[in-house]
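Below you'll find the structure, written out as structure tokens, and then a few comments.
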């Protein structure tokens with residue numbers, strides 16, 4: 001069964017709504033015998049704490065971090081720190097901010113907040129920016145108490161707003177990101193777009209990518225203009241092809257084209273996340289003419305910069321081409337190299353795809369079932385539905401595993417089905433209907449077949465019909 005699978009590209013990996021969720025695109029009708037190649041791409045949305053590409057020190061979480069001795073760390077900078085302290089005590093806002101950053105460097109949050117606060121009281125934009133970043137990287141922001149987290153992000157947004165209104169581009173970027181996510185403020189894509197556009201126009205590269213993402217989201221959901229979108233939004237069918245009034249369609253077209261312009265500007269400046277998104281636009285024809293070759297070129301650029309999503313997407317295209325070209329060895333080997341690179345960067349989809357191309361024996365990639373199962377197991381343990389489905393197939397057939405096991409197959413199918421995978425629901429239904437790896441339960445089997453059938457699974461629909469009419473298994 002493993003050899004029948006096709007390499008997949010992964011849906012959302014970095015969504016603006018939270019640090020890690022991924023929107024799973026329904027794979028469409030499936031025969032129940034083959035893993036579909038979903039035409040959806042990994043997308044690189046801006047993270048909440050993208051480090052500024054400037055000389056400003058990055059902020060991080062200080063939880064469980066040992067506080068260092070200032071004399072030990074300042075060392076040769078002790079005289080400079082002393083001079084800054086003198087100026088800071090005399091009310092020099094610039095010195096207060098610089099001294100605050102020196103305390104950030106040594107993990108002294110208390111003194112950092114003190115000096116940033118002094119400058120902020122004098123309406124210093126850099127100080128408000130620093131306090132805003134410090135607020136959302138501190139222990140309160142990672143607390144298990146939801147009220148503490150909300151208060152920390154609200155404080156961050158207040159400081160960022162004060163800095164952004166004074167023209168601080170990085171503050172505008174992070175504030176726009178907060179409005180896009182609804183973190184610390186009420187979610188509002190229109191306000192998010194305004195701040196992100198201001199930051200992007202000032203040359204903030206991550207803001208360019210974030211603006212593109214914001215425009216694309218707004219174009220895909222123009223009625224509510226929020227990020228609460230249904231899970232089937234990111235399909236292979238671009239918005240331009242959807243039925244809609246001409247005026248609304250024209251507005252979406254403009255936003256999507258504008259999004260691609262900003263992705264392209266950030267990509268040209270070397271932003272790997274923007275390169276990933278630009279590649280997806282070229283592949284799906286979103287805002288630009290569909291051009292898979294151009295998409296591959298852009299993804300390879302991002303892959304060279306260590307973007308796991310782009311490694312996976314480029315490899316998936318190369319593997320598909322290798323399969324179409326009757327096992328072109330060079331392409332398959334390059335696909336495997338990219339997937340291994342992405343797997344090292346903790347991409348669960350890449351680990352799954354490594355197993356797929358190895359099990360299929362593409363080109364000169366040696367067919368090695370045990371290695372394929374090892375890669376599948378790693379991906380399955382990370383919760384990847386398709387990997388659990390494939391691992392269940394391996395246990396059901398006794399391929400590449402120590403022994404055939406209906407119980408293990410049932411366990412894997414159950415994980416895939418719980419994630420909404422139609423093939424997983426179908427196979428789990430078969431287990432319940434036939435009593436394989438579990439107690440037989442015709443009612444559960446019927447419910448699972450119905451769920452898979454609603455997602456377009458033809459075999460599940462046929463099986464449900466057969467059970468209702470008392471038909472034989474096939």
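Quick note: the coordinates plus some simple rules give every number you see, no bench work behind them. On a predicted model such as this, the values are computed, not experimentally measured, just so you know. Because the Cβ atoms are built from the backbone with ideal geometry, glycine has one as well, and the counts that use them run over all protein chains shown.
Give me the extension gain from residue 122 to residue 87: residue separation times 0.36 nm, minus the current Cα-Cα distance, reported in nm with one decimal. Kindly include the intermediate steps, with their values, before the conclusion.
Values: separation 35, 0.36 × 35 = 12.60 nm, distance 1.46 nm.
Here the segment from residue 122 to residue 87 would lengthen by 11.1 nm.
Ordered by packing density, taken as the mean number of other Cβ atoms within 10 Å over each peptide's residues, highest first, how do 435-441, 172-178 rank? Let's see the in-between values first.
Details: 435-441: 14.4, 172-178: 28.6.
Those peptides, ordered most packed to least, come out 172-178, 435-441.
First measure r as the distance between the Cβ atoms of residue 114 and residue 144, then evaluate 1/(1 + (r/R0)^6) with R0 = 25 Å and state the FRET efficiency to the nearest 0.05. All intermediate terms of the calculation are to be shown ahead of the outcome.
Numbers: r = 27 Å, r/R0 = 1.09.
Efficiency, rounded to the nearest 0.05: 0.40.
Work out how much length residue 190 to residue 434 would gain on full extension: take 0.36 nm times their residue separation and subtract the Cα-Cα distance, in nm to one decimal.
Numbers: separation 244, 0.36 × 244 = 87.84 nm, distance 5.39 nm.
My answer for the length gained is 82.4 nm.
Using the alpha-carbon centroid of each, what span in Å lies between the stretch 177-219 and the stretch 79-116?
Taking the Cα centre of each part, the stretch 177-219 and the stretch 79-116 sit 31 Å apart.
Suppose R0 equals 22 Å; then what is the FRET efficiency for residue 468 and residue 397 from their Cβ-Cβ distance, rounded to the nearest 0.05?
Efficiency, rounded to the nearest 0.05: 0.15.
What nm value, rounded to one decimal, do you get for the distance between residue 418 and residue 297 when each label is placed 7 Å out toward the C-beta?
Distance between the two pseudo-spin positions: 4.6 nm.
Can you put 257, 136 in order, fewest other beta carbons within 10 Å first? Could the numbers behind the result be given before it?
Numbers: 257 16, 136 26.
Ascending Cβ contact count within 10 Å gives the list 257, 136.
How far apart, in nm, are two points set 7 Å out from the Cα along the Cα-to-Cβ line at residue 94 and at residue 443?
7.7 nm
For the stretch 405-474, rounded, prolate or oblate, judged on the Cα gyration tensor with a ≥ b ≥ c (square roots of eigenvalues), a/c < 1.5 rounded, else prolate if a/b > b/c?
Oblate shape, in that a/c is at least 1.5 and b/c is the bigger or equal ratio.
How far apart, in nm, are two points set 7 Å out from the Cα along the Cα-to-Cβ line at residue 382 and at residue 404?
The answer from the label model is 3.1 nm.
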